[in-house]
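This report concerns only the one structure given below.
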Amino acid sequence: MAFARDVKLELGTVLPAAAHCRRAQLSGILFGAGIFEIASGGRIDVRVSLALPATARHVLALLKPIGVEAELRTVSSAPVGLRYEIVIGDEARDLQLLNELGVLSDDLRVQMTVPRRVVKSRCCLVAFVRGLFLGCGSISAPGAPVHVEFTMEDAGLAEQVRGLLERLGLQFKLTVRERNIACYSKRSQTGAHEACLRWEEHAVLGAVRESANRAANCDEANARRAAAAGERQAAAARRLMASPDWAALPVALRTVAELRVRYPYLSLQELAGRMHPPLSKSAVNHRLRRLLTLAGPFDA
């Protein structure tokens with residue numbers, strides 16, 4: 001898994017220059033790691049669930065030029081552990097983008113078929129496969145038995161992906177498992193890794209930069225610390241809300257406490273932006289530290 005992680009870190013540095021290729025790459029990520037649900041009232045809930053913070057940053061970088069605002073949050077649950085979720089809204093511009101990427105049909109229904117327009121040209125097809133690998137791909141390390149795989153839940157999508165890979169000259173097979181469908185290749189050592197190199201025009205998978213590994217490790221450590229701190233602050237705020245001292249607290253402290261309970265996963269900077277009027281990161285940090293002091297130690 002370490003090599004697959006390294007490959008994804010390297011692929012995450014590839015931001016296509018052309019807008020149509022950026023959209024194709026974003027489409028691949030959505031089809032590979034997207035969670036699509038119809039919430040109450042018919043609201044469409046779209047989340048992208050990723051294992052690496054670097055990949056989450058990559059998705060945000062792809063969304064930024066389009067003008068779509070997304071929310072990044074951390075979610076931890078057994079057995080998958082810490083995940084990074086990007087939540088896309090359901091405003092008109094958001095829905096339009098999801099339709100352009102092929103996730104929503106023209107009548108705004110969730111569909112699991114990649115539109116031909118997204119992968120019509122070879123450059124966009126390569127970008128789509130790159131995004132799909134970032135979302136649901138894995139690859140064995142050099143020297144180990146070769147195994148390249150895309151894991152999906154929809155059989156129709158898996159069959160379509162197999163066909164798209166065939167367009168690139170890559171022979172993949174399908175196998176149905178208990179919970180998913182794998183589109184995989186077990187070609188010879190040289191063939192498989194040369195095939196992966198062809199995905200990236202012989203430029204990306206040849207080497208993985210050590211700096212990318214260090215940055216990713218740092219990101220993960222920081223994200224874990226931030227998530228733990230947010231949960232501690234939210235717990236402290238809830239203890240104060242349940243105490244007789246709550247009503248006597250200044251409005252400024254009550255406001256930041258309520259926001260932290262509502263958004264335990266936001267960074268200090270993001271939480272500061274939710275304040276009205278917006279505050280500085282240091283001001284929010286000061287108020288949260290004061291809340292922790294007032295709440296006192298937590299007895300499990």
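The values are calculated or read from the model by the stated rules, or taken from the named source; none is laboratory data. These numbers were taken from a predicted model, which means no experiment stands behind them. Quick reminder, even Gly has a Cβ in these numbers, built from the backbone with ideal geometry, and neighbours come from all protein chains shown. What goes into the accessible areas is simple: the full protein's heavy atoms, side chains included, and nothing from ligands, DNA or RNA. Shrake-Rupley method; radii C 1.70, N 1.55, O 1.52, S 1.80 Å.
The residue pairs whose first member lies in the stretch 97-109 and is open to solvent by 30 Å² or more (accessible area, probe 1.4 Å), whose second member is aliphatic (A, V, I, L, M) and modelled with pLDDT of 85 or more, and whose beta carbons are closer than 8 Å, counting only pairs six or more residues apart or on different chains, are Leu108/Leu95.
All told, Val68 falls short of being buried (at least 18 other Cβ atoms within 10 Å of the Cβ), at pLDDT 85 or above and in contact with a Leu (Cβ under 7 Å, 6 or more places away or on another chain).
With respect to the conditions (1) within 22 Å of Ala19 (Cα to Cα); (2) modelled with pLDDT of 90 or more, Leu168 lacks only one, and its number is (2). Residues that are of a type in the set (Gly, Ala, Ser), touching a residue at least 40 places away in the same chain (Cβ under 8 Å) and under 22 Å from Leu26 (Cβ atoms) within the stretch 115-174 comprise Ser121, Ala127, Gly131, Gly135, Gly137, Ser138, Gly156, listed in sequence order. For the stretch 238-248, how many residues are open to solvent by less than 40 Å² (accessible area, probe 1.4 Å) and out of contact with any helix residue (DSSP H, G or I) (no Cβ under 7 Å at 6 or more places or on another chain)? Number satisfying all stated conditions: 1.
Keeping to the stretch 11-33, report how many residues are modelled with pLDDT under 90 and surrounded by 15 or more Cβ atoms within 10 Å (Cβ to Cβ). Total meeting the criteria: 4.
Taking the numbered list (1) part of a helix (DSSP H, G or I); (2) modelled with pLDDT of 85 or more in turn, Leu279 passes all entries but (1). Screening Arg117 against (1) touching a Leu at 6+ places or on another chain (Cβ under 8 Å); (2) open to solvent by 60 Å² or more (accessible area, probe 1.4 Å); (3) of a type outside the set (Asp, Glu); (4) under 29 Å from Gly163 (Cα atoms) leaves a single unmet condition, (1). Of all the listed residues (Ala257, Ala235, Ala212), the sole one being at pLDDT below 55 and open to solvent by less than 60 Å² (accessible area, probe 1.4 Å) is Ala212. Scanning the stretch 120-171 for residues that are over 24 Å from His58 (Cα atoms) and of a type in the set (S, T, N, Q), we see that the one that is surrounded by the fewest Cβ atoms within 10 Å (Cβ to Cβ) is Gln171. With respect to the stated conditions, Ser243 is part of a loop (DSSP other than H, G, I, E, B), of a type in the set (S, T, N, Q) and modelled with pLDDT of 80 or more. Which of the residues spanning the stretch 171-190 are over 15 Å from Ala144 (Cβ atoms) and either modelled with pLDDT of 90 or more or not in a loop (DSSP other than H, G, I, E, B) (or both)? Answer for the stretch 171-190, where residues must be over 15 Å from Ala144 (Cβ atoms) and either modelled with pLDDT of 90 or more or not in a loop (DSSP other than H, G, I, E, B) (or both): Phe172, Lys173, Leu174, Thr175, Val176, Arg177, Asn180, Ile181, Ala182, Cys183.
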